[in-house]
Amino acid sequence: MQRLEKFYEGKAKVLYSTDDPDLVIQYFKDEATAFDGKKKGIIEAKGILNNKISSRIFKYLESKGVKTHFVEMPSEREMVVKRLRIVPIEVVVRNIAAGSLSKRMGVEEGTPLKETILELYYKSDALGDPMINEYHVKAFGLAEADELRRIEAEALKVNKLLSEFFDERGIILVDFKLEFGVHKGEILLGDEVTPDGCRLWDKTTREKMDKDRFRRDLGKVEEAYREVLRKVME
Ligand code: TMP
Ligand code: ASP
């Protein structure tokens, strides 16, 4: 697989075209940002850790019938994925109140929810990813009605599978963000599933093992990501 030109650079990854028009290489960087890019930093080895964590999780999800863009991990920082037409929606699934939900609803972080919450955000860095609902998706044509139904069902399925997967490894899956895209007419889970976009708490100590350590200057960020990798490889 030949890495050709860079066609997109995001906050945590760079995308390269390849000699196969259907495949793309995601290159994972160590750069970390938070609060719409207002806070910037480096998490040592994050690119390597996230590539390995996400590859493991995509393989697990595939084994349980979730279709993802993952193809293979040819090197420590590279993931070969299927080329997607990205659906410009970020799907957040929440099992426990934390982060922006705690703020919005005025509840303490860690408050249990009676039901899982699924939220939609319009993927736009310029606008700071505003929260939207299904009406906005239809009114602005962000996805077809059946695509949205499929995406929501897949997000809830991923939540069920990953909550169990992490629970077996002593980790609580508090919340997470997913992105989807279309490849040859099929909806696939895209982007990455890593501690950058998930809240993961140690089941016994409730210690944070995710990007909140960076966002809130809690220290031991790399160590936390390393521990997540160690656990997901179990
Ligand atoms: P929030 O509580 O800040 O809304 O975040 C909910 C979850 O979504 C959390 O696990 C972090 C993830 N997330 C991202 O991956 N990217 C983002 O831009 C935001 C705001 C959240
Ligand atoms: N990744 C987003 C940013 O850079 C938000 C976050 O993860 O907190 O702003």
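The values are calculated or read from the model by the stated rules, or taken from the named source; none is laboratory data. Because the structure is a prediction, the values reported are computed rather than measured. Every residue, glycine among them, receives a Cβ derived from its backbone with ideal geometry; neighbour counts consider all protein chains shown. Remember, those area values only see protein heavy atoms, side chains included, never the ligands or the DNA or RNA. Shrake-Rupley method; radii C 1.70, N 1.55, O 1.52, S 1.80 Å.
Details
- Test result for Leu178, touching a residue at least 60 places away in the same chain (Cβ under 8 Å), open to solvent by less than 20 Å² (accessible area, probe 1.4 Å) and away from ligand 1 (no atom under 16 Å from the Cβ): no
- Residue count for segment 59-77 satisfying the condition of being touching a residue at least 60 places away in the same chain (Cβ under 8 Å) and within 24 Å of Glu223 (Cβ to Cβ): 1.
- Only one of Val137, Val174, Val158 that is modelled with pLDDT of 95 or more and not in a helix (DSSP H, G or I): Val174
- Any hit, segment 36-49, residues being basic (Lys, Arg), under 20 Å from Gly219 (Cα atoms) and part of a helix (DSSP H, G or I): yes
- Scanning segment 206-234 for residues that are open to solvent by less than 80 Å² (accessible area, probe 1.4 Å), in a helix (DSSP H, G or I) and touching a residue at least 60 places away in the same chain (Cβ under 8 Å) returns Asp212, Phe214, Arg215, Val221, Glu222, Tyr225, Val228, Leu229, Lys231, Val232.
- Pairs, first at pLDDT below 95 in segment 32-58, second surrounded by fewer than 17 Cβ atoms within 10 Å (Cβ to Cβ) and not in a helix (DSSP H, G or I), C-beta under 7 Å, six or more apart: Asp36/Gly128; Gly37/Lys11
- Here segment 1-28 is the region considered, the condition is being part of a loop (DSSP other than H, G, I, E, B) and touching an Asp or Glu at 6+ places or on another chain (Cβ under 8 Å), and the residue that is farthest from ligand 2 (Cβ to nearest atom) is Gln2.
- The residues of segment 184-201 that are surrounded by fewer than 18 Cβ atoms within 10 Å (Cβ to Cβ) and either acidic (Asp, Glu) or touching a Leu at 6+ places or on another chain (Cβ under 7 Å) (or both) amount to a single one, Glu186.
- Looking at Glu78, Glu72, Glu5, just one residue is more than 16 Å from ligand 1 (Cβ to nearest atom), under 24 Å from Lys231 (Cβ atoms) and open to solvent by 40 Å² or more (accessible area, probe 1.4 Å), and that residue is Glu72.
- From the list Ala153, Ala126, the one residue that fits, being hydrophobic (A, V, I, L, M, F, W, C), more than 16 Å from ligand 2 (Cβ to nearest atom) and without any contact (Cβ under 8 Å) to a residue 24 or more places away in the chain, is Ala153.
Here's the yes/no breakdown for (1) open to solvent by less than 80 Å² (accessible area, probe 1.4 Å); (2) under 22 Å from Val14 (Cβ atoms); (3) within 16 Å of ligand 2 (Cβ to nearest atom); (4) in contact (Cβ under 8 Å) with a residue 12 or more places away in the chain:
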| site | (1), (2), (3), (4) |
| --- | --- |
| Leu84 | yes, yes, no, yes |
| Arg94 | yes, no, yes, yes |
| Ala97 | yes, no, no, yes |
| Leu101 | yes, no, yes, yes |
| Arg104 | no, no, yes, no |
| Gly110 | yes, no, no, yes |
| Tyr121 | yes, no, yes, yes |
| Asn133 | yes, no, no, yes |
